[in-house]
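Asker: Have a look at this one.
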Amino acid sequence: MIDMSVKIGPLRLQNPIMTASGTFGYAEEFKDIIPLNQLGAVITKTVTVEPRPGNPPRRIVELNNGMLNSIGLPNVGVEQFIIEKLYFLQSLKTTVIVNVAGKTGDGFVECVRRLEDVDGIAGYELNYSCPNVKEGGLSFSSNAATAAQVTRAVRRVAKRPLIVKLTPNVTSISEIGLACQENGADAVSAINTLVGMAVNVKTRRPKLATITGGYSGPAIKPIALAKVYELVSKLTIPVIAIGGIATVEDVLEFLITGASAVQLGTVNFYDPGASVRIIDELHAYCIQHQLGSLSEIIATLNISR
Amino acid sequence: MAVIPLNTHDHQPIRLCRSEIVSITEIAWETFVLRLKEPALSQNAHPGQFVEIRVPRCADILWRRPFSIHDADGEAETIDILFHAVGRGTEALKHLQVGDVLDLLGPLGNSFHIDDHLTEAIIVAGGLGIAPFKLFLRKTRQRNVPTTLFYGVGKKEQLCRLDDFQPSAQVRVSSVDGSVGSRGMVTDLLIEHLRTVPDMERKCLFVCGPTPMLRKVQEIAAQFQIKAQVSVETIMACGFGVCVGCAVPMRFPDPGKKEYFLACKEGPVFNMEEIIIHD
Ligand SMILES: Cc1cc2nc3c(=O)[nH]c(=O)nc-3n(C[C@H](O)[C@H](O)[C@H](O)COP(=O)(O)OP(=O)(O)OC[C@H]3O[C@@H](n4cnc5c(N)ncnc54)[C@H](O)[C@@H]3O)c2cc1C
Ligand SMILES: Cc1cc2nc3c(=O)[nH]c(=O)nc-3n(C[C@H](O)[C@H](O)[C@H](O)COP(=O)(O)O)c2cc1C
Ligand code: FES
């Protein structure tokens, strides 16, 4: 028996394959497509205190090996989430993590406080990429002081494990990561989407209604790897890797670099069977290389010259 | 005018299928019918529903491509896709061979609601908007609903074979250049028809086509007080409700809460009066 389980602070996952927020709905959408209980963990689409309708179309653009999105975090709000979406998530045997955001730091606190009252949630992931209305729309992880303050405030109300999801659109992602670590985060996940843009040359209009949006998909993997490498070099808490992962080789690259687990995002849209297939392939890899557990591969990057 | 409750198929399982190509035929200018062996889908597909196809051997094409289910033959266990080669993905599809296996996700979306009490189902199709209506006509024929088809194309070469449709519907064709049928817009034929027929209450328009046509039909439907169901096309990254990219603005939004429908899940068929049609 190969031990595929991984530890992320206080959380133990049956394997390191998680599904990224906003790319997996509330899991129910996949129930007939893949055996959900085989996943390491499911992360929900971002939930906020108040419902949000989302941005006007056009919201998505396909690019070579990647895509842009400006969805605008549409969701039914935390109360409706508990009524409509949680029941199915509670029926799953796999680990469920709820991704949370707020317009202000208080929004994060209020949302998490409400979720603390309900069962079936293993932890929270805080989406620090969303705009902070108190700071003119800059993201919560655009400066270390704000990231520290919000993490501390949420930590006070959250008994469950806390993962902070970091944006790559900063000068130093590890500085923000350290601020979260010092203020009680159990782990960080990186990266959220990169700011990107596309122009229609016929109409000379931006392709997205919001002009710029978030860039994701296989094309961003090298950037994600570099950010994860920076984080694992500087932080002591676990790092969960996100960004362009679509194959078992991609997963291995991140694990070798030092990620404790990975999240699959954009790939779920076009290859919804990818997550469980990659779990099987990772298992086969371990057998082939006679690994007793995944810890034999995590953080084994050889940088000697 | 009461809004028609649309068919939803929330309990119908969505499956990832591996479907073998039985035939691929060019039936009009750069327009192909792809026939796939699909035992399960051929039994339970509803008119208006679609599938998402992964373009094979094109690693740089990220998303699947959505296509209406053109026809489904439960006995032969096949489904048909009617497509026009417009870009990279559809160009690649047209070069596939019999025996190739496609990775397909479906059935997706809701379907047209055909009320048994209709005295006339009036189809308005522009160009490739004809795609969902072969399966539709199977249903109206089975249920003895009298059906009229208004079908507009740009020019004769774009017209898909009519013998498929003629046994089950009254067919009227128009073309922009007059090379087939009457010259002009399909909506002109529609107006002409609606002027002559009574009993709008028990008729319904079923519409699919390019955006300018949809806008025009929306006006006509309002003017003649006739119900209309429309199948819309939006850009789609997933097709099954997870990317939330396929937003269609609601005519009657709940501001700050719900202002958009999802075309892939709550559609692609909508009551025309409930949505804002945009590019
Ligand atoms: C629910 C649904 C059902 C559809 N049914 C059919 C069908 O039965 N037959 C058929 O031929 N086509 C259908 N389409 C449109 C079809 O999906 C596109 O033509 C196809 O995705 C184009 O792929 P491509 O790689 O060849 O083109 P690309 O290279 O991606 O694009 C070529 C051009 O087509 C436009 N385009 C791309 N995707 C779409 C889209 N989803 N809707 C509208 N325009 C698009 C692009 O803006 C561009 O101008 C349907 C679309 C939807 C959403
Ligand atoms: C359409 C779309 C919607 C997303 N929605 C969210 C979201 O609601 N919350 C969040 O934290 N991240 C969201 N993300 C970011 C992803 O979770 C992930 O961090 C990013 O896409 C990079 O991974 P990938 O390249 O594997 O997609 C979204 C990404 C996409 C493409
Ligand atoms: S296409 Fe992804 S949600 Fe509709």
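Asker: In this structure, is A:ILE173 in contact (Cβ under 8 Å) with a residue 60 or more places away in the chain and either surrounded by fewer than 17 Cβ atoms within 10 Å (Cβ to Cβ) or within 19 Å of the chain's Cα centre (by Cα) (or both)? Outline the logic, then answer.
Answerer: Numbers: in contact (Cβ under 8 Å) with a residue 60 or more places away in the chain: no; either surrounded by fewer than 17 Cβ atoms within 10 Å (Cβ to Cβ) or within 19 Å of the chain's Cα centre (by Cα) (or both): yes.
Criteria not met by A:ILE173.
Asker: I would also like to ask the following. Could you tell me which numbered condition A:LYS134 fails, if it satisfies all but one of (1) at pLDDT 95 or above; (2) part of a helix (DSSP H, G or I)?
Answerer: (1)
Asker: Moving on. Residue check: is A:MET1 free of Cβ contacts under 8 Å to residues at least 24 places away in the same chain and more than 16 Å from ligand 1 (Cβ to nearest atom)? Write out each step before concluding.
Answerer: Details: free of Cβ contacts under 8 Å to residues at least 24 places away in the same chain: yes; more than 16 Å from ligand 1 (Cβ to nearest atom): yes.
Spelling it out, A:MET1 is indeed free of Cβ contacts under 8 Å to residues at least 24 places away in the same chain and more than 16 Å from ligand 1 (Cβ to nearest atom).
Asker: Being within 16 Å of ligand 2 (Cβ to nearest atom), surrounded by fewer than 24 Cβ atoms within 10 Å (Cβ to Cβ) and either in contact (Cβ under 8 Å) with a residue 60 or more places away in the chain or not in a strand (DSSP E or B) (or both) is the filter here, so list the residues in region A:186-213 that pass it.
Answerer: Taking region A:186-213 and keeping what is within 16 Å of ligand 2 (Cβ to nearest atom), we get A:187-198, A:207-210, A:212-213.
So of that shortlist, the ones also surrounded by fewer than 24 Cβ atoms within 10 Å (Cβ to Cβ) come out as A:194-198, A:207-210, A:212.
If the condition is that a residue be within 16 Å of ligand 2 (Cβ to nearest atom), surrounded by fewer than 24 Cβ atoms within 10 Å (Cβ to Cβ) and either in contact (Cβ under 8 Å) with a residue 60 or more places away in the chain or not in a strand (DSSP E or B) (or both), then A:GLY196, A:MET197, A:ALA198, A:LYS207, A:LEU208, A:ALA209, A:THR210, A:THR212 are the ones that fit.
Asker: Step by step: first the residues of region B:252-265, then only those that are more than 19 Å from A:THR210 (Cα to Cα) and surrounded by 15 or more Cβ atoms within 10 Å (Cβ to Cβ), then the one that is nearest to ligand 2 (Cβ to nearest atom). Which residue is that?
Answerer: Checked region B:252-265; the qualifying residue nearest to ligand 2 (Cβ to nearest atom) is B:CYS264.
Asker: Among all residue pairs at least 6 apart or on different chains, which show Cβ distances below 7 Å where the first residue, located in region A:132-155, is more than 19 Å from A:ILE173 (Cα to Cα) and the second is in a helix (DSSP H, G or I) and among the aliphatic types (A, V, I, L, M)?
Answerer: Here the result reads A:ALA153/A:VAL109; A:VAL154/A:VAL109; A:VAL154/A:VAL112, each pair linking region A:132-155 to a residue that is in a helix (DSSP H, G or I) and among the aliphatic types (A, V, I, L, M).
Asker: To continue, here is another question. Where the second residue is of a type in the set (Lys, Arg) and within 16 Å of ligand 3 (Cβ to nearest atom) and the first is within 29 Å of A:GLY136 (Cα to Cα) and lies in region A:96-125, which pairs have Cβ atoms under 7 Å and are six or more apart or on separate chains?
Answerer: Final answer for the pair search is A:ASN99/A:LYS45.
This table checks each residue for (1) in contact with a Cys (Cβ under 8 Å, 6 or more places away or on another chain); (2) closer than 25 Å to B:PHE240 by Cβ; (3) buried (at least 21 other Cβ atoms within 10 Å of the Cβ).
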position	(1), (2), (3)
A:ILE245	no, yes, yes
A:VAL251	no, yes, yes
A:THR257	no, no, yes
A:VAL262	no, yes, yes
A:GLY265	no, yes, yes
A:ASN268	yes, yes, yes
A:ILE279	no, yes, yes
A:CYS286	no, no, no
A:LEU291	no, no, no
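Asker: Let me ask you something else. Looking at A:ILE33, A:ILE43, A:ILE8, which one is farther than 24 Å from A:ARG113 by Cβ, at pLDDT 95 or above and touching a strand residue (DSSP E or B) at 6+ places or on another chain (Cβ under 6 Å)? I'd like the intermediate steps shown before the answer.
Answerer: Details: A:ILE43 fails: farther than 24 Å from A:ARG113 by Cβ; A:ILE8 fails: farther than 24 Å from A:ARG113 by Cβ.
Only one candidate passes the filter, namely A:ILE33.
Asker: Can you give me the ranges of the strands (runs of 3 or more DSSP E) entirely in region B:25-129 with at least 1 residues that are within 13 Å of another protein chain (Cβ to nearest Cβ)? Quick ask: steps written out before the conclusion?
Answerer: Numbers: elements: B:31-37, B:50-54, B:65-68, B:71-73, B:78-84, B:101-108, B:120-126.
Output list reads B:50-54, B:65-68, B:101-108.
Asker: Can you name every residue in region B:206-261 that is in contact with a His (Cβ under 9 Å, 6 or more places away or on another chain) and part of a strand (DSSP E or B)?
Answerer: If the condition is that a residue be in contact with a His (Cβ under 9 Å, 6 or more places away or on another chain) and part of a strand (DSSP E or B), then B:GLN229, B:VAL248, B:PRO249 are the ones that fit.
Asker: Right, next: May I ask you to list the residues in region B:251-277 that are more than 7 Å from chain A (Cβ to nearest Cβ), of a type outside the set (Gly, Ala, Ser) and within 16 Å of ligand 3 (Cβ to nearest atom)?
Answerer: B:PHE261, B:LEU262, B:CYS264, B:LYS265, B:GLU266, B:PRO268, B:VAL269, B:PHE270, B:ILE275
Asker: Take the residues in region A:156-165 that are under 12 Å from the mean Cα position of the chain (by Cα) and touching a residue at least 40 places away in the same chain (Cβ under 8 Å), then tell me which one is nearest to A:THR46 (Cα to Cα).
Answerer: Checking each candidate, the answer is A:LYS165.
Asker: For A:LEU291, only one of the following conditions fails: (1) over 19 Å from the mean Cα position of the chain (by Cα); (2) within 13 Å of chain B (Cβ to nearest Cβ); (3) within 16 Å of A:PRO16 (Cα to Cα). What is its number?
Answerer: (2)
Asker: Filter region B:222-250 down to the residues that are crowded, with 24+ Cβ neighbours inside 10 Å, away from chain A (no Cβ under 13 Å) and hydrophobic (A, V, I, L, M, F, W, C) and list them by number.
Answerer: Within region B:222-250, just B:VAL230 meets the criteria.
One line per residue, one yes/no per condition, for (1) within 14 Å of chain B (Cβ to nearest Cβ); (2) over 20 Å from A:ALA187 (Cβ atoms); (3) assigned to a loop (DSSP other than H, G, I, E, B):
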| site | (1), (2), (3) |
| --- | --- |
| A:TYR215 | yes, yes, no |
| A:ALA219 | yes, yes, no |
| A:ALA226 | no, no, no |
| A:ALA241 | no, no, no |
| A:ALA259 | no, no, yes |
| A:ILE278 | no, yes, no |
| A:HIS283 | no, yes, no |
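Asker: Take the conditions assigned to a loop (DSSP other than H, G, I, E, B), in contact with a Gly (Cβ under 8 Å, 6 or more places away or on another chain) and surrounded by fewer than 16 Cβ atoms within 10 Å (Cβ to Cβ) and apply them to B:ASP177. Does it pass? Let's see the steps before the verdict.
Answerer: Numbers: assigned to a loop (DSSP other than H, G, I, E, B): yes; in contact with a Gly (Cβ under 8 Å, 6 or more places away or on another chain): yes; surrounded by fewer than 16 Cβ atoms within 10 Å (Cβ to Cβ): yes.
Here the answer is yes, as B:ASP177 does meet what is asked.
Asker: Which members of region B:195-207 meet the condition of being in contact (Cβ under 8 Å) with a residue 40 or more places away in the chain and hydrophobic (A, V, I, L, M, F, W, C)?
Answerer: Hits for region B:195-207 are B:VAL197, B:CYS204, B:LEU205, B:PHE206, B:VAL207.
Asker: Can you tell me which residues in region A:76-101 are touching a Ser or Thr at 6+ places or on another chain (Cβ under 6 Å) and of a type outside the set (Val, Ile, Thr)? Please lay out each step first, then the result.
Answerer: First pass over region A:76-101, keeping only residues touching a Ser or Thr at 6+ places or on another chain (Cβ under 6 Å): A:98-99, A:101.
Those that are touching a Ser or Thr at 6+ places or on another chain (Cβ under 6 Å) and of a type outside the set (Val, Ile, Thr): A:ASN99, A:ALA101.
Asker: Show me the strands (runs of 3 or more DSSP E) found entirely inside region A:1-119 where at least 1 residues are within 11 Å of chain B (Cβ to nearest Cβ).
Answerer: Details: elements: A:6-8, A:11-13, A:17-19, A:41-43, A:60-63, A:66-69, A:95-100.
Hits in region A:1-119: A:17-19, A:60-63, A:66-69.
The values are calculated or read from the model by the stated rules, or taken from the named source; none is laboratory data. This is a predicted model, so every value here is computed, not measured. Using ideal geometry, Cβ is built from the backbone for each residue, glycine included, and neighbour counts are taken over all protein chains shown.
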